[in-house]
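Since the structure comes first, as C-alpha cells, the remarks are kept for the end.
Taken together, the values in this text are just the output of simple stated rules run on the coordinates, not laboratory data. Quick caveat: nothing in here was measured; it's all calculated off a predicted structure. Here Cβ is always computed from backbone atoms with ideal geometry, including for glycine, and neighbour counts include all displayed protein chains.
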Amino acid sequence: MSFAERVDAALHDPLLKTAIDRATGTAQAKRAAAIAAFPSFEPARRRAAAIKDHVIANLGAYLAAFEANAQAAGAAVHWARTADEACAIVIDICKKADAKRVARSKSMLGEEIGLPHALEAADITRVETDLAEHIIQLAHERPSHIIWPALHKTREQVADLFRASHRSPQNEDTIPAMAASARRQLREDMLSADVGISGANFLIADTGAVCTVTNEGNAELSLVPPRVHIVTAGIEKVVPSMRHATHLLRLLARSATGAALTQYTTFYAGPRRPGDREGPEEMHIVLVDNGRTRMRDEGLAEMLRCIRCGACMNHCVVFRQIGGHAYGGTYPGPMGAVLTPALDGLAGAKDLPNACTLNGKCREVCPVDIPLPTLLRGWREKSWREGLEPVTMRRGLGLWAWAAKRPALYRLGTRVAIAALRRFGRRGWIARLPLASGWTDGRDFPRPEAGSFMARYRKGER
Amino acid sequence: MSARDAILGKLGPARPIADLTAQADALIGHAERPLLDGDTIDLFLAQLDQPSIAATHDAVDTLGDLPAAVTRYLDANVGARALYLPPDPQLLDLDWQSVTTLHSCPVDDGAVLAIARAGVAETGSLIFETAPVAPMLPNFLALHHLVVLHRAHVVRWLEDALLPAGPQPRAHYWVTGVSGTTDIEGQYVRGAHGPRFLHVILVG
Ligand code: SF4
C-alpha cells in the first residue's frame, strides 16, 4: 500500500479517529499539567538538548567509557553495524543459552531492527510482556505509537483477542478485568522464560549501567528471573552520568505521560553476583548503529537527541488524523517522518516529510528541542534535489525553499499566511493555505493561536 | 574490521574521557527542577497520597515496633497474617510472633516487606538496591509491597539519593507508586504486572 492509500484507509476508519483522539487528548492535557508544575521547563529542555549534543559530538569516547564500565560490572558488550548484525548477535546468544522462550520488555529499537521477526524465524517463542505489545502480538500487528503501541485498538477488539488466546480469559469485558487476564497469562510466561530481552532508555557511561523505565513493572519481571539478560540499545542512548540521566528522566516522564517519574526506573549493572539469590547468570549489551553514525555525519545529528517520549506525535495534527500505521515505518509521527527516510531510504518514504503542516508544534513540545520542522524541510529539499517529486510539487517546493533560505522574507510570508489563515479559518481548522498550495492541498492546518512560531522563536520564548 | 572498530572509526578520534568530564559537569550544573515548597517529610508524604502513586503510609518510633505495624496492615488489607521477609538480619531479628513469615515469595497475592535505602520528596520515589540480603524480584511479585524507610533517609531531590560513580549494586531501582497501565483505551488500571498496593512505614 502506498502512503496515500494508507492515509485514505486511516481517514475512513471511524474507530481509529476516536481512539487517537482519546489517547492523544489525555496525553496533551496531562503533559500540560505536569509542565505547569515545572516553570523552568524551557531552560530545562534546552539544557537537555545541550547534554545530548555534547554526547553526540563525543559519542566514541562515551561509548568506550560505557563499554569499559559495563565490562567491569561483568556484562558482555557487543557491537552491531546494522539491524541484521544486531539480530544475528541476539539469536546467537539465545541459541548458545539453548533458549526456547524469550520474554521481551517493549523496546522501540527492538522493533526497528526487526527482532520480533528474527526470533520467530529462529523458532524461539517470544513473549511480549508490555500489555500493549502483548495485544499487538496477539493481533499480529505493529505498534502504532511509541508509548502506547496499541493505541488504535478498542476495548472490544482487545476483549476478543484475549478470549481467543488466554488460558483463563476475563469473565466480563471491562478494562480492569482484561488487564487482570493479561496479568495472569503473562506472569507464568515471564517466570518461565530462558532469556529476557530489553532495550535501554539510557546507558550510563560512568557506571556501565543500563536504565529501563516502565509503568507496569514488566521489565523487572522479564529481566530478573531468566538465565540471560540481553539489552539492545541504540548507540545514542549513552549519557555521561546518573545526574545527566536524572535530568533527562524528569523531562521524559513529563513529556510522555505527564507523570513526575515513571513508576519503575531501574538500573542494571551486570549479572548475578556471588551470594545473590536471583538475577541472570549472563548479561549481554548489544550496541546498535543501524544508520546512526550516518545520521550524525549527514545533517541529522539533532535527531539523535530523541529520547522517544512520543510528545511530538501526541501534538501533531497529522498524526491525530491518520494514526501511526499510516506512516508505514517503525516510528510514526513527526519523529518518524524524520527517522524513516534515514532508516528505510528516502525513495520509499519521501511522502512522509510532506505529510506535515510545519506548524512547529512538535518542536515546541519536544523535551530535547529537536528542530523537527527544519529536519523535515531538509528531507523535502533532498527529495526535490534528487528528482523524487512530481513536477507540480517541485514547482511549489522550489518557491518555498527559495523563500525559506531568506529568513526575513520567510517570516513575512508566514505572517501573511497567518493573517490569511485567521480569516479563512473555521472552527480552528483551515482547509487550504493559499501561499503554499503545493503541499497543503488535502491537508488541514490548525488555526494559529497567537503569532507565528518563528515570531515567538525570535522573541526568545523557545 | 570488527563492528566495534567500524563504528568507533566512523565516530572519529575520541577525546580522553577525563577531558570531557569537566565539560559534562558544567552542562549539568545546577539543573532546573520542578517547584517544591515545604518540609521534606511533608512533601514526601503528600506525594505518596497522589493518585498516580496511591501509596498508604504509617509511622513507628523504632524498628522494634515494625511487626505490630505490619500486622495492622495485614489485618486491615490482606486478611492472612503472612509475609515474605528478605534474608536481611535487620528484619529477621525482629519479633515476628504474630505473623507467619514465608520462605518463598507469594506469586501474585500476599505481601512482601523490603527496606528502602532512600525516599525522595520530589517524586515520592522509594529507592532500593539489590544485595544478597535484598533480592528485587519479590518486590515485583507480591500483590502488597510493604516498605520500611528510615525517616532520616528521606531526601528532597532525586540527586540527593544518587550513588556516586564507581562500582554499583547489581541493580538499583526507583519505585514511584504502584504498577499501572493505560494501554487499553488510555484507561488507568492499577496493578498491571507488579504490586497493586504499596504501603510505606516510616521509622524514627
Ligand atoms: S522527537 Fe522529541 S518529542 Fe518526539 S519522541 Fe523524540 S524526544 Fe519526544
Run the reach check for A:Lys95 against aspartates and glutamates, Cα to Cα strictly under 17 Å, same-chain hits fewer than 8 apart removed. What comes back?
A:Asp84, A:Glu85, A:Glu120, A:Asp123, A:Asp194, A:Glu281, A:Glu282
Sum up the charges of everything whose Cβ sits under 12 Å from the Cβ of A:Ala259, counting Lys and Arg as +1 and Asp and Glu as -1, but leave A:Ala259 out.
+4
At q = 0.07, 0.08 Å⁻¹, what is the log10 ratio I(q)/I(0) for the protein assembly as shown, with the Debye formula run over Cα points and no solvent?
-0.46, -0.60
State the cysteines of the protein assembly as shown left without a partner when partners are defined as other cysteines whose beta carbon lies under 4.7 Å away.
A:Cys87, A:Cys94, A:Cys211, A:Cys306, A:Cys309, A:Cys316, A:Cys356, A:Cys366, B:Cys105
Mean residue ellipticity (222 nm) of the protein assembly as shown, computed from DSSP H runs ≥ 4 via -39,500 (n - 2.57), nearest 500
-12500 deg cm²/dmol
What net charge is computed for the residues neighbouring B:Ile41, neighbours being all others with C-beta under 11 Å from the C-beta of B:Ile41, Lys and Arg scored +1, Asp and Glu -1?
0
Give the residue from B:Ala82, A:Ile136, A:Gly299 lying farthest towards the positive end of the charge dipole for the protein assembly as shown; charges sit on Cβ (+1 for Lys and Arg, -1 for Asp and Glu) and the dipole is referred to the Cα centre.
A:Gly299
Select from B:Ala118, B:His153, B:Cys105 the residue farthest towards the positive end of the dipole of the range B:33-172; place +1 on Cβ of Lys and Arg, -1 on Cβ of Asp and Glu, and compute about the Cα centre.
B:Cys105
Expected sort for A:290-299, B:86-95, A:178-187 on mean C-beta neighbours within 10 Å, highest first, is A:178-187, A:290-299, B:86-95
Which of the residue pairs A:Lys106/A:Lys237; A:Lys350/A:Lys382; A:Lys237/A:Lys382; A:Lys106/A:Lys153; A:Lys106/A:Lys361 have a Cα-Cα distance greater than 21 Å in the structure shown?
A:Lys237/A:Lys382; A:Lys106/A:Lys361
Given +1 on the Cβ of Lys and Arg, -1 on the Cβ of Asp and Glu, and no further charges, what dipole in debye does the range B:147-193 carry about its Cα centre, rounded to the nearest 20?
240 debye
What does a probe at A:Glu386 reach in the range A:351-366, counting residues whose amide N is under 20 Å from the point 7 Å along Cα→Cβ?
A:351-356
Can you give the relative contact order of chain B as a percent, counting alpha carbon pairs under 8 Å and 6+ residues apart?
23 percent
Grab the beta carbon distance between B:Arg81 and A:Arg101, set R0 = 35 Å, and tell me the FRET efficiency rounded to 0.05.
0.45
Rounded, prolate or oblate (a/c below 1.5 giving rounded, otherwise prolate when a/b exceeds b/c) for the range A:3-292 by Cα gyration tensor
oblate
Distance in nm between pseudo-label sites at B:Ala6 and A:Ala36 (7 Å out along the Cβ direction from Cα)
5.2 nm
Treat every Asp and Glu Cβ in the range A:3-292 as -1 and every Lys and Arg Cβ as +1, leave all other atoms uncharged, and give the resulting dipole magnitude about the Cα centre to the nearest 20 debye.
860 debye
Can you divide the C-alpha Rg of the range A:309-385 by 2.2 N^0.38 Å and report the result to two decimal places?
0.97
Please label the shape of the range B:31-135 as rounded, prolate or oblate, based on the square roots a ≥ b ≥ c of the eigenvalues of the alpha-carbon gyration tensor (a/c under 1.5 means rounded; beyond that, a/b larger than b/c means prolate, else oblate).
prolate
Toy charge model, Lys and Arg Cβ at +1, Asp and Glu Cβ at -1: chain B dipole around Cα centroid in debye, rounded to 20, equals 560 debye
The range A:244-267 to the range A:21-49: how many Å between their Cα centroids?
12 Å
Can you give the local net charge around A:His315? Use residues other than it whose beta-carbon is closer than 9 angstrom to its beta-carbon, Lys and Arg +1, Asp and Glu -1.
+2
With a cut-off of at most 13 other beta carbons within 10 Å, and DSSP calling the residue loop, which GluC sites (Glu not before Pro) in the range B:103-173 qualify? Please list them.
none
Over the whole of A:179-192, what's the average partner chain Cβ count within 10 Å per residue? Rounded to a whole number, please.
3
